[in-house]
1. For the stretch 334-340, what does the Karplus curve 6.51 cos²θ - 1.76 cosθ + 1.60, with θ = phi - 60°, yield as ³J(HN,Hα) per residue in whole Hz, taken in order and with x for Gly and Pro?
2. Around residue 40, with a cut-off of 10 angstrom between Cβ atoms, what is the net charge of the other residues, counting Lys and Arg +1 and Asp and Glu -1?
3. Provide the per-residue ³J(HN,Hα) series for the stretch 20-36, in order, calculated from phi with Karplus coefficients 6.51, -1.76, 1.60 and θ = phi - 60°, each as a whole number of Hz, with x at glycine and proline positions.
4. What full-extension length gain, to one decimal in nm, is calculated for residue 29 and residue 104 as 0.36 nm per residue of separation minus the Cα-Cα distance?
5. Of the options 36, 46, 24, report the single residue whose Cα projects farthest towards the positive end of the charge dipole of the stretch 1-109 (beta-carbon charges: Lys, Arg +1; Asp, Glu -1).
6. Treating the beta-carbon of each Lys and Arg as +1 and of each Asp and Glu as -1, no other charges, what is the dipole magnitude of the chain about its Cα centre, to the nearest 20 debye?
7. Each residue of the stretch 522-528 in order: what ³J(HN,Hα) in whole Hz does its phi give by Karplus 6.51 cos²θ - 1.76 cosθ + 1.60, θ = phi - 60°, with x for Gly and Pro?
8. Determine the alpha carbon to alpha carbon distance for each of 76/265; 279/361; 230/353 and list only those over 22 Å.
Amino acid sequence: MKVVIEENELAFRILVNEPRPIVNFEYKAGRIIGEYEGLSHEVKLLGHLIRIREEGGLIISKDLDLKEHVLGLGEKAYELDRRRVRVRMWNLDASASAPYSWYSDPLYASIPFLISVRNGEAVGLFVNSPAELIFDIGLSKYDEVNVIVPHGDVELYVVKGPSIEEVIENYTSITGKPLDPPDWALDYQISRCCGYEPQEMVVRIINEHDKLNVKPSAIYLDLQYMDSGKLFTWNRVKFPNPRQLAEDLHGRGVRLITIVDHWIKLDQNYEVFLSGLGKYCETPNGELYVGRGWPGAVVFPDFFNREAREWWASLIERWVKEYGIDGIWLDMNEPTDYAREREWSIDRGVLHKLDDGRRVKHELARNAYPYFQAMATYEGLKRAGHDKPFILSRAGYAGIQKYAFLWSADNTPSQDDILLQLQLMESMSISGIPFFGCDIGGFIGRGDLRRYRPYADQGELLVKYYRAALFFPFFRSHTSSNPDREPYMLRSDYTNAIKRVIELRRSLMPYLLALVQESHETGHPIIRPLVYHFQDDEDAYHIIDEYMVGGGLLYAPQIYGESRRIYLPKGNWVDWWSCGEYEGPTWIESNREFPLFIRENSIIPTTSDLRIYGNGRIRLRDGRILERNESVLKAPGYSKAIIYSNGRCNEVNLT
């Protein structure tokens, strides 16, 4: 076994047996620490003992201290602190055979990146392999983290801190900073499976929302807009003039998003299928690999090579230009194959052709399939004139943050699921995926009684979902065979409660968009678990039902009833509504609809005023700087500020 260790200002890179990664990231070595050969090797980096040994493939071990915390690993349905878990990295259609819930593993996306916090200092570990990795965090061996790699060469990074924020900055400097999305992508969006139809009904749905002053920024078309499940086609009975539909929506300030799956219908009369010949996944004997999807027999674009990505980008470009499409929703792209009942996965022996001409088995490359599909889709949208492309992807791998939003897909409505979605949001955020969300209200519906979990009052549960997701970067209502969830179809008290969520979110859009810009430039997440800012606070590692919104706001969604306990970490905090001040760490009780607290020395811009507690500085999406230093306030573009001080709110006229 040959091991080379390199270092630069971001991380140490360890190369085992001269790897040729399937996904290549930017890393320029500043110096070589050493080169070693032997049956195994161990090295101490940033206070952590790393051991590598050959055993079938490779086993990477790291010592696990008694009170060490392990965070990250992406979309995993476990506690925020990953100690005592064993999880797989294998993109899976997680609700194909049974609904996912707490402790289901794996789910849809695979992010093989963890953050270890020991004695108050954070270090990252990123194993750059899209194969089926196993992460065992002190479960099999109490004092070890073990990563099982099913192949004999690998690239791994030990990412420098010492804060969680610095680890994420450095990790995203390697794998790519998050995309710069269009502003509307942070607003309220609507969808339904398997599609709003027909064409005139789509416009009526928007008009009804508009009557309530909750017009969505985007509406999604699911499978039923297609002709027989064929990508890049329209059912002309349901949608006789799709270009006119896009124009009607644009005239109302609404964008049109279409679902685009990864499979191509096997049909010799289908122009898209014929145009892609030579660019599909193959069996080891050179035949087309044929699976099953919604259209029936399907083939799978081989996004791992440049020729296939170029072809796909051209299809996306033409589709978007011809019909005025504003964004692409990539679904089923783990990739799922319904011909393979064992995990609904493409056969492990299917071959992918890489850019350098190598052919690799699917089992070694699977998790990167959505990464390369998103890359090609992003390029197609750029060519079509979208300077800030919008892509929503169900599956993903490390680095996909450069191209797409992700969401947690087919969740099942329940109180437990609300807590799970909060945890998934927070974990993805500190795994380098800031643009994430869930199907608000839950996707799985009463049409499948094997999966559906009855709830006495769906309206009440729906309101709780909206409250929990108030600041989630991806904010979309989507469901399957459940009752209508559009606000105009609900009982009036639930309609009004949901309106208040949307109105509060929109009032804070200047702050959210400032965080979007910060995320794009630095990699910082928008939604942050408390431990992100308070990594020395042991209580914070146990809290998932509160989150920080950027560095200045703490939100504790009212999801249990009319009142709840709230933990405020160290420092000074002020209640957004009552102006009452609190010194943390402390627990308080709140019966407010939206328990929201400003952290001392923060400026929070809204659509109508500034909220200021202490000194602070923030840069808005458009580049304006808002700053307060003692009695000097610079607030270009604002005429009013509300200053919190000594338990009071003082309104200040700035003109």
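The values are calculated or read from the model by the stated rules, or taken from the named source; none is laboratory data. Note that this is a predicted model, so its numbers are computed, not measured. Every residue, glycine among them, receives a Cβ derived from its backbone with ideal geometry; neighbour counts consider all protein chains shown. All accessible areas refer to the heavy atoms of the entire protein, side chains included, with ligands and DNA or RNA removed. Shrake-Rupley method; radii C 1.70, N 1.55, O 1.52, S 1.80 Å.
1. 4, x, 8, 9, 7, 7, 10
2. Details: positive: 51, 53; negative: 42, 54, 55.
My count for the surroundings of residue 40 gives -1.
3. The phi angles translate into 10, x, 5, 10, 9, 10, 6, 7, 10, 5, x, 7, 9, 6, x, 10, 9 Hz.
4. Gain on extension, residue 29 to residue 104, equals 23.1 nm.
5. So the residue we want is 46.
6. Numbers: 78 positive and 93 negative charges, 207 e Å.
Around 1000 debye, computed over the chain.
7. 10, x, 4, x, 8, 8, 9
8. Values: 76/265 32 Å; 279/361 16 Å; 230/353 25 Å.
In this structure, 76/265; 230/353 lie more than 22 Å apart at Cα.
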